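So the structure is just underneath, and the comments pick up after that.
The values are calculated or read from the model by the stated rules, or taken from the named source; none is laboratory data. Just so it is clear, the model here is predicted, and its values are computed rather than measured. Here the Cβ positions follow ideal geometry from the backbone for every residue, glycine too, while neighbour counts run over all protein chains shown. Protein only, heavy atoms only, side chains kept; ligands, DNA and RNA dropped before computing areas. Shrake-Rupley method; radii C 1.70, N 1.55, O 1.52, S 1.80 Å.
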Amino acid sequence: MSKVNETEVRAEVREWLAANWDPDMSLVEWRSKLADSGWGMPQWPKEWYGRGLPHALARVVEEELSNVGAVGVAKSGVRLLAAATLLEHGSDLQKKKFLRRILTGEDTWCQFFSEPGSGSDLAGATTRADLNGDYWIVNGQKVWTTSAHHADHGLLLARTDWDAPKHEGLSYFVIDVKQPGVDVQPLKQMNGHASFNQVFFTDAKVPQENLVGRVGEGWKVAMTTLAHERRGADGLASPSKRGARVGRIHAEERAETEKANQPYKWYPQRAGRVDLVIERAKETGANRDPHMRQEIAKLMIMAKSAEWTARRARAAQQQGRPQGPEGSLGKLAASNVARAAAHVHTLITGTEAMLTGSGSPRDGIIAEILVSVPAVSIAGGTDEIQRNIIAERVLDLPKEPRFDTGPFRNVRKN
Amino acid sequence: MGTAEGYDPAVWRQLSEDLALPGIHVPEQYGGAGFGMVELCIVTEELGRALLCAPYFSTAVLAGNAILNSGTEAQKSALLPDLAKGARLATLAVTEPDGNWDPASIEVVATPGVDGYLLEGAKSYVLDGHVADLLIVAARTPKTVGREGLALFTLGAKAGGVERRLLESMDPTRKIARIDFHGAPASLLGNLDDGAKPILRTLDQAAIALANEMVGGAQALLDSAVNYAKLRVQFGRTIGSFQAIKHRLADMLLDVELAKSAAYYAAQAAAMDEPEWPALASLAKAAASETYLQTAIQCIQIHGGIGFTWDNDTHLWFKRAKSSEVFLGQPSYHRELLMQRWGV
Ligand SMILES: Cc1cc2nc3c(=O)[nH]c(=O)nc-3n(C[C@H](O)[C@H](O)[C@H](O)COP(=O)(O)OP(=O)(O)OC[C@H]3O[C@@H](n4cnc5c(N)ncnc54)[C@H](O)[C@@H]3O)c2cc1C
């Protein structure tokens, strides 16, 4: 087999775009073409909507799409975590059923992991799934579920065996959120937004074919989802700033992005908005104060170093190292950067930092940073959990002492 | 380290003759290996990790780059081969007794004479100034101020009118000296038109090389702390099983990784001569200085009482971290420089 190279890939994707891209198509129609041709996710395997290309070449494809102004496949929210998990652990039937609609944007996903009694300790989930005929019957409660109010499907971690040890009694399912047994109630956050929810399951049904991996392997499958989530945390994709594009497909994409991003509107703020710091220093005159200059420099040094560290980790991965615990380093760095940024924004803004709303600095964006940053060090696994992971898996230090061995039934719970 | 010279000549010979390290960044036509900043920084990182006591930073990084940046073709051909071979030691004298790293503050005066220049004034904090054979001195021509009138001058350390004194200093792994010039005869390195530029360029390259040396040292301290945490038992368990220690080590790793990224990135940018590399030199120097010292402090803390003893080597790294923190300008100086260079 001849080795694919950049020039060939460019030529091939250009030719395909010339023949297929049409801004007046419907969004779903176009994304279906992308999915079926493999150009939407070129790094995915050939048999599943990809072309089996290495990551470096996948970026080349992305470049070509953006050069002609073509819209890409849907990528927002939890959908790509779902896809990564299904690609690794899903059955062929599941891949066929879900992957394409993930890419076309027809389905939205959410992650049912955390519960009122188990957050950091995810494996302590007590939401139960019991097999009854062709269906698993789900009862219990999940919480902090981002986007559940929009979602079609949820990644569900539930207990299927109460006598097995904690980590061995879990199974992983894809659950249909829009069914009578699933009650989604929004929760208001400290920053006023309501992007997460509490979700009650009362005899909700999951067909047997939606079990991902084998019964009792839920923990292993969940680890795949989490590793991908942490890796994403070091460089949360910011919406691209492409110019106004005309055509039906662009109008549909804007409407869809607006809806899909609604729960994530404040996400740039929770990362601390380092990008605004120097502009703000100049517009407020804080750049003339020697103390502020020092604090700004400290923040920028940390943020730049974190960015370059993420780049080093990606480069290592492209050389074939598997997805490892370095995602935890990136996540911890992101927390430190966000906190430092909130501190510096406060310094720069001064007394006005008390104000919110449209009359306040940057029309409320600064205030939103200050009340959103605390989420970063909690969501997706707290800083303390990341430190445990780094210490145990990178530095090979002793594991935490365990008080939760033996049958899960007998383990102390909330 | 224990001797007055501060290094082991046998090791220096090995490093020079067997490994050709002092000339790693010197072009082949001047007797070097022909590599650049990235490779020079790989060497300083490893030397920093091993805490090697040798006149490498002075001869290769400071003097070598000063000659490369400033010298005429004839001067490079005359001076560099001996430095690249390690046959001759050299250093760069910029700072004066006031400890200011901004060349604008230089007061040593070079007065034109019949045959070259005569130097008058005092330099201090001169790395390996007590053993160097060749001195490169940043000085100003008479009646100039600020960045005007600055240039580099060379003279043999044994020239008349040169008085050298080893300074009593905290870091035994790296020696510094004061040098007084009383009408000492010197030659201009390069020309007067370049002014402060080659001096600044040399200092920026040195800041990057030092940043890489520091991250090497910080990695060694982290490794030492992790190893000790796996060995030492208290309360019936290894101290590495306590979260207070585990989490501190995880934070130290993150810190070291971030500083490494800054140091590597700056070396790469300097090697490619990217426009923003001087800003990145300051960024990397500030980042690595803070990280090295913090890692040293934490490493001693994790060792407990034994960490505070003379017999445990940690204090040597601590002292190197301390001297490196202020050498070439402390973090706050470089943060301010970074802001200026970014136009903030
Ligand atoms: C904005 C946001 C969005 C979220 N979205 C989702 C979502 O879509 N789906 C989902 O399933 N979950 C989601 N979460 C939940 C999130 O993953 C959990 O909140 C998080 O993992 C912490 O769990 P907890 O809230 O139960 O806190 P706890 O686990 O009770 O933690 C409380 C404190 O104890 C500390 N702690 C716990 N265990 C240890 C330990 N072993 N060592 C040291 N310290 C420890 C923690 O670090 C923390 O400081 C979201 C959370 C937020 C804030």
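Can you work out which of the residues in the stretch B:313-344 that are outside any helix (DSSP H, G or I) and open to solvent by 30 Å² or more (accessible area, probe 1.4 Å) is nearest to the other protein chains (Cβ to nearest Cβ)? Full working, then the answer.
Of the stretch B:313-344, the ones outside any helix (DSSP H, G or I) are B:313, B:327-330, B:342-344.
Checking the rest, the ones that are also open to solvent by 30 Å² or more (accessible area, probe 1.4 Å) come to B:313, B:330, B:342-343.
Values: B:ASP313: 21, B:GLN330: 11, B:TRP342: 7, B:GLY343: 9 Å.
For the stretch B:313-344, the residue satisfying everything is B:TRP342.
So which strands (runs of 3 or more DSSP E) stay within the stretch A:129-196 end to end and still have 3 or more residues that are within 12 Å of the ligand (Cβ to nearest atom) and under 25 Å from the mean Cα position of the chain (by Cα)? Lay out the reasoning, then the answer.
Numbers: elements: A:135-143, A:153-159, A:170-176, A:182-187.
Ranges flagged: A:135-143, A:153-159.
Just give me the residues in the stretch A:69-104 being of a type outside the set (D, E, K, R), open to solvent by 20 Å² or more (accessible area, probe 1.4 Å) and in a loop (DSSP other than H, G, I, E, B), in sequence order.
A:GLY72, A:SER76, A:GLY77, A:SER91
Residues B:ILE306, B:ILE245, B:ILE302: which one is among the aliphatic types (A, V, I, L, M), in the same structural domain as B:LEU210 (by TED's automatic domain parsing) and either in a loop (DSSP other than H, G, I, E, B) or open to solvent by 50 Å² or more (accessible area, probe 1.4 Å) (or both)? If you could, list the steps in order and put the result at the bottom.
Working: B:ILE245 fails: either in a loop (DSSP other than H, G, I, E, B) or open to solvent by 50 Å² or more (accessible area, probe 1.4 Å) (or both); B:ILE302 fails: either in a loop (DSSP other than H, G, I, E, B) or open to solvent by 50 Å² or more (accessible area, probe 1.4 Å) (or both).
On inspection, the qualifying residue turns out to be B:ILE306.
Go over the candidates B:GLY240, B:GLY149, B:GLY183, B:GLY160 one by one and state the one that is without any contact (Cβ under 8 Å) to a residue 60 or more places away in the chain and at positive phi.
Numbers: B:GLY240 fails: at positive phi; B:GLY183 fails: without any contact (Cβ under 8 Å) to a residue 60 or more places away in the chain; B:GLY160 fails: at positive phi.
Every option except B:GLY149 fails the conditions.
Of all residues being of a type in the set (D, E, K, R) and within 20 Å of A:ALA82 (Cα to Cα) in the stretch A:119-154, which is least open to solvent (accessible area, probe 1.4 Å)? Just the residue, please.
Residues of the stretch A:119-154 that are of a type in the set (D, E, K, R), as a first pass: A:121, A:128, A:130, A:134, A:142, A:152.
After this cut, where a residue has to be within 20 Å of A:ALA82 (Cα to Cα) as well, the list is A:142, A:152.
Details: A:LYS142: 0, A:ASP152: 34 Å².
It comes out as A:LYS142.
I'm checking my understanding of the structure. Among residues of the stretch A:270-306 that are within 12 Å of chain B (Cβ to nearest Cβ) and touching a residue at least 60 places away in the same chain (Cβ under 8 Å), which one is surrounded by the most Cβ atoms within 10 Å (Cβ to Cβ)?
The qualifying residue surrounded by the most Cβ atoms within 10 Å (Cβ to Cβ) is A:ALA306.
For the stretch A:374-393, check the following and say yes or no: at least one residue is away from chain B (no Cβ under 14 Å) and part of a helix (DSSP H, G or I). Quick ask: steps written out before the conclusion?
Of the stretch A:374-393, the ones away from chain B (no Cβ under 14 Å) are A:374-376, A:378-380.
Restricting the remaining residues to those that are part of a helix (DSSP H, G or I) gives A:374-375.
There is at least one residue in the stretch A:374-393 that is away from chain B (no Cβ under 14 Å) and part of a helix (DSSP H, G or I).
With the condition kept exactly as written, say whether any residue in the stretch B:250-268 is touching a residue at least 60 places away in the same chain (Cβ under 8 Å), more than 16 Å from the ligand (Cβ to nearest atom) and more than 11 Å from chain A (Cβ to nearest Cβ). Lay out the reasoning, then the answer.
Initial filter on the stretch B:250-268 (touching a residue at least 60 places away in the same chain (Cβ under 8 Å)): B:263-264, B:267-268.
Next, only the ones that are more than 16 Å from the ligand (Cβ to nearest atom) stay: B:263-264, B:267-268.
Next, only the ones that are more than 11 Å from chain A (Cβ to nearest Cβ) stay: B:267.
Yes, the stretch B:250-268 has at least one match.
Go through the stretch A:2-29 and give me each residue that's part of a helix (DSSP H, G or I), over 19 Å from A:ARG100 (Cα atoms) and in contact with a helix residue (DSSP H, G or I) (Cβ under 7 Å, 6 or more places away or on another chain).
Residues of the stretch A:2-29 part of a helix (DSSP H, G or I): A:6-20, A:27-29.
Now drop any that are not over 19 Å from A:ARG100 (Cα atoms), which leaves A:6-19.
Residues satisfying the conditions are A:GLU6, A:VAL9, A:ARG10, A:VAL13, A:ARG14, A:TRP16, A:LEU17.
Pick from the stretch A:372-407 the residues that are surrounded by 15 or more Cβ atoms within 10 Å (Cβ to Cβ) and away from the ligand (no atom under 12 Å from the Cβ): which of them is farthest from A:LEU329 (Cα to Cα)?
A:PRO398
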